[in-house]
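What follows draws every value from the coordinates through simple rules; no lab data is involved. It should be emphasised that the depicted structure is a prediction, and the values quoted were computed from it without experimental measurement. Glycine gets a Cβ as well: all are built from the backbone with ideal geometry, and neighbour counts include every protein chain shown.
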């Protein structure tokens, strides 16, 4: 019984069911009662990894290479063990940054680079097209084979069909329409498709059931269980080789490279990223997926070898393509319903892959390729259009159609050159190029945009050269000599043995060179380059995804109007959706409506996230920049930040300096305080000394007064003598009190000065006249040695006279008792007048020459005879001379008299005259 | 036999007044103008009492007091310190060094004589 229309009918019914599930899923999602929010659905949807390549191709590969089909599943199984570490981080990062595709992920990580997003998209599209072609091939050939039922005939053998007779074209178009209906019914900022995920999970179930059904039927219907089947299979020629490594099953090396390759693919294939990261509802679902997903892979592979052996035993060698054993075995055994189920299973495997892959790719093409270009194309005026959501959907739909047609073209052109598995591996190797930029981006902060660009470019080019071009050559597009002799017969450029590296299978070879160059360039360029500030911020966000909670646009600076921002988001999401989103955002912040929002960095970040969901991170940034007067994060911004930083540094330096100054001031205060205490102590000493000095004359006065009082009968001579002592001591006391007060006035600066230009000669002669009486009494001779002309000096006349009188009376006191001689000499020096007062007395000990200028210290302290005087004369004289700007000192040697000298500065007489006048004014 | 008093002071007028007062009171008076001289006078002819000024040239009153007390023969010699510095420390220092009494300048002649009389009466 030919199945004919039944096949079409069943297929359409199946697609109808899928659509219904998807529709229901979307409805439930809109109602907030998600049907996919459980780990089983998530794990099943991950099984989109198993495509028609698995469904049909595993058996084909097993027939050729025995257990060699396994590495493709061992890789994901191993990687599943790392899901919690790697995939969870990818999910966390993507959720936080509203990542919508793998291109978006890489672009966002490296500073929202549109160029990088475009490159990733290009690699993904070029790399995955063969994979889509593979699905088209599987669906169309399985359809054609089943169409012939009950005959088993391999399609397309030697007959060339025009495109319009080609089933694959219709399959492609049908799938395109289906995918468009599925995936691009409306735009969503999160780019999540709950209905689609539900449908994909359902498809995973269908293909597993179909495959298990065939497996069970063959193993337990056709044979008596595994043991029986393998026993019989053991009689097949070369079956040993299929079950051991080293021969057709692959070397250890090729197993290693295939396992490695598939480990990367499960993470980086665009559809896997879409399902496992973008569509993930809850990252905790991963916990179950870690064991459920490998279990699924085990289940779908368990019957591969039984079916293969059954096929090999059933069909004469070479008559039936082993890729079709799954389908042709039930057909050959006249199990039409089983065959139909298998066809549906294959269809589900293919559609699942195609739907998710094209949706993922169309998002990438739209967000990372088309929009950045269109937005930059000013002539289109897109930035001014009010509602772009229609355009976005249009681009995506067009992209889906285009991808499907490209797949078809590839299928027509090159599809015959390879078995299914080989085509799949070419795609795997392409997406493996994302690994350095992705993993490096997640775990290495230093990775730069330039590094990612060069790594990806080099890896992609080498992939092209070592895998895709040879595939073209095998398809006859390029001469075979390209493979065999290398381009232009340069042997070391042979694409399958680059630089003489032979001995690896072509996948391993390509993987080695492309990933080596990719990783090398990525790390090398990153290490030698510098990150921009935005790249750095993004790198921190990605690498520290588990540490930083939330957003990272802390460096945002600019101004924006809330209405403009909302309008902008509305243009891409549609005004209604945008309104809802911002109202929700406002509600979250406890505001009544979006009208109360403040245009701050958070708002702009939120808007950017919303836009990123619709048009990708890179484009979103460009768009927002158009309404937000954001300073471009170029050199200016960096300099600004640096400036700010340096201001902070300067500020902290200033603080440091201030605290240093404070310390200094504290130190000064402490020193001043110590000085004050010292002064206080000195004052105490001074007062104590003054008291002592005053008490001495007072003692005499009191004693004699009492004696006179108590002895009225004292004889007149003695009486007169005692009274004279009292008078003398009273005079001494008075003089002392005057001098103490005078010194205190001088020291405190409260003394009155009547500074005028003086003729020194006059003053000296005046002093001589004043002391003539004293000199006569003591029999001391005073000689003056004055030059004819003495320039005037600025001084207070009375004060200068006081100094001279003091020096003369000192000289009288200490000069020779018998032949006292005093000389006063004046010298005119270039800048000063010098006055010397010389005596011929005993001289002053060197030890005393300083102390005599201290208060109450007298050179006679150690002499037997105490000299008369207050001990204040010299300190007062020194104060006066220093006030005039001169110096007072003594030169003496024991036995040779003493010379007291002072200077008075010249030259400032006129200049200081005005000063003196003012001083006088104030002084009086 | 009248008691001997040594006056050790560098202020001539004070010495004159003390000399007059003590002689009038019936003492035999010796005079020294500085510390060194005082010690020499004591060695030559130990007095019964030394009226000792603190601020003496060459050798201070404290030093003289110490020297006197160092000599076992002069243990019974009365020492009355006389000073213009009336601070507590000085008084304590003098008494600690072995002075028997302390009189501050300016002094009351009556008190001075009473003090000297009292000191000499103790013996």
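FRET efficiency for the residue A:12 to residue A:151 pair, using the beta carbon distance and R₀ = 35 Å, is estimated at 0.90.
Per residue of peptide A:704-714, the mean number of Cβ atoms on other chains within 10 Å of the residue Cβ is 3. Principal-axis analysis of the Cα atoms of chain A puts helix A:252-268 at an angle of about 70° to the longest axis. With a 10 Å cut-off around each Cβ of B:16-28, the average count of Cβ atoms from other chains is 3. Once label points are set 7 Å from the Cα along Cα→Cβ at both residue A:662 and residue A:485, what is their separation, rounded to one decimal in nm? In this crude spin-label approximation the distance works out to 8.6 nm. Only alpha carbons enter this Debye calculation for the stretch A:433-550, each as an equal point scatterer, and the log10 of I(q)/I(0) it gives at q = 0.12, 0.21, 0.23 Å⁻¹ is -0.53, -1.02, -1.14. The ranking of A:478, B:82 by Cβ neighbour count inside 10 Å, starting from the fewest, reads A:478, B:82.
Between the beta carbons of residue A:536 and residue A:651, assuming R0 = 25 Å, the FRET efficiency works out to 0.60 to the nearest 0.05. Averaging the sequence gap over all C-alpha pairs within less than 8 Å and six or more residues apart, then dividing by the number of residues, gives chain A a relative contact order of 14 percent. Axis angle, to the nearest 10 degrees, between helix A:420-431 and the longest C-alpha principal axis of chain A: 10 degrees. Legend: ranking of residues A:45, A:514 from fewest to most surrounding C-beta atoms inside 10 Å; resulting order A:514, A:45.
Computed over the stretch A:43-143, the Cα gyration tensor eigenvalues convert (square root of 5λ each) into semi-axes of 31, 19, 12 Å, ordered from largest to smallest. Based on the convex hull around the alpha carbon atoms, the stretch A:5-367 presents an average projected area of 18.4 nm². Extent along the principal axes, Cα only, for the protein assembly as shown: 178, 72, 69 Å, with the longest axis given first. Which FRET efficiency, nearest 0.05, do residue B:66 and residue A:691 yield, Cβ-Cβ r, R0 30 Å? E between residue B:66 and residue A:691, to the nearest 0.05, is 0.75. Using equal-weight Cα scatterers in the Debye expression, the normalised intensity of the stretch A:312-378 in log10 at q = 0.23 Å⁻¹ is -0.94.
Taking 0.36 nm per residue of separation and subtracting the Cα-Cα distance, full extension of the segment from residue A:516 to residue A:477 would add 11.2 nm. Between residue A:314 and residue A:671, the modelled label-to-label distance comes to 10.7 nm, taking each label 7 Å out from Cα in the direction of the beta carbon. Our summary gives the stretch A:1-153 a relative contact order of 32 percent, counting only alpha carbon pairs under 8 angstrom and 6 or more residues apart.
Exposure proxy ranking for A:224, A:193, A:509, A:536, based on other Cβ atoms within 10 angstrom of each Cβ and starting from the fewest, stands as A:224, A:536, A:509, A:193. The rule of thumb for compact globular proteins, 2.2 N^0.38 Å, goes into the C-alpha radius of gyration of the stretch A:636-743 2.55 times. For the pair residue A:230 and residue A:527, label points projected 7 Å from Cα toward Cβ lie 4.9 nm apart. Using C-alpha pairs under 8 Å with a sequence gap of at least 6, the mean separation divided by the residue count of the stretch A:225-355 gives a relative contact order of 21 percent. Per residue of B:102-112, other chain Cβ atoms within 10 Å of the residue Cβ number 4 on average. The long axis of helix A:533-543 is offset from the longest Cα principal axis of chain A by roughly 60 degrees.
Across the stretch B:4-122, Cα-Cα distances exceeding 26 Å account for 8% of all pairs. Using 0.36 nm per residue and subtracting the Cα-Cα separation, the extra length available between residue A:721 and residue A:682 on full extension is 10.2 nm.
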